[in-house]
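The values are calculated or read from the model by the stated rules, or taken from the named source; none is laboratory data. Given the structure is predicted, the values throughout are model-derived calculations rather than measurements. Glycine gets a Cβ as well: all are built from the backbone with ideal geometry, and neighbour counts include every protein chain shown. What goes into the accessible areas is simple: the full protein's heavy atoms, side chains included, and nothing from ligands, DNA or RNA. Shrake-Rupley method; radii C 1.70, N 1.55, O 1.52, S 1.80 Å.
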Amino acid sequence: MKASNITLIFKGQTEEAFSFYRSIFGGEFTNFQRMKDMPGAPSMPPEEAEKILHAALPIGNSAIMGMDMPTGRGTVNMGNNFMVTLDTGSEEETIKVFNKLAEGGVVTMPLDHQFWGAFFGMVTDKFGIQWMLSYVA
């Protein structure tokens, strides 16, 4: 396992929140993408297109990451407004850990190669904890 990070999920306030966190922790964003920047992004209302798809702010040897909840993907409530992100060391490790977390849980995004270069998937385990697993060669 390379690293674990926390991903914070917002109701459209990711940009504001991450600007606030950067004012506290310093540093520069290593990633800041909007929904409209997705390759092949479907047609969407302007307010949806401006939502944050992924933000990453390094803090020490790890990072906090964030995203705005896409319309239709659920409701952001205290308790489901974060995900644990695991950066794995290989595709094999990713598959192994993902499958174990999925036992008795729900796969919310199957593992697959993504446009940003990662082998990536999302799963909610049997205890209700949301996980994102990512491997970048």
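Here are a few things to note about the model shown:
- Test set (1) surrounded by 15 or more Cβ atoms within 10 Å (Cβ to Cβ); (2) of a type outside the set (A, V, I, L, M, F, W, C); (3) modelled with pLDDT of 95 or more - Tyr21 fails condition number: (3)
- Meeting the requirement of 1 or more residues that are at pLDDT below 90, the strands (runs of 3 or more DSSP E) wholly within the stretch 49-114 are 52-59, 62-68, 82-87.
- Met69 falls short of the stated requirement of being of a type outside the set (Gly, Ala, Ser), buried (at least 19 other Cβ atoms within 10 Å of the Cβ), under 27 Å from Ala41 (Cα atoms) and touching a residue at least 60 places away in the same chain (Cβ under 8 Å).
- Number of the condition not met by Glu16 [criteria: (1) open to solvent by less than 80 Å² (accessible area, probe 1.4 Å); (2) assigned to a helix (DSSP H, G or I); (3) not β-branched (Val, Ile, Thr)]: (1)
- Hey, Phe98 of a type in the set (Phe, Trp, Tyr), buried (at least 16 other Cβ atoms within 10 Å of the Cβ), farther than 30 Å from Phe20 by Cα and touching a helix residue (DSSP H, G or I) at 6+ places or on another chain (Cβ under 7 Å) or not: no
- Here Gly79 fulfils each of the conditions (1) open to solvent by 50 Å² or more (accessible area, probe 1.4 Å); (2) at negative phi apart from (2).
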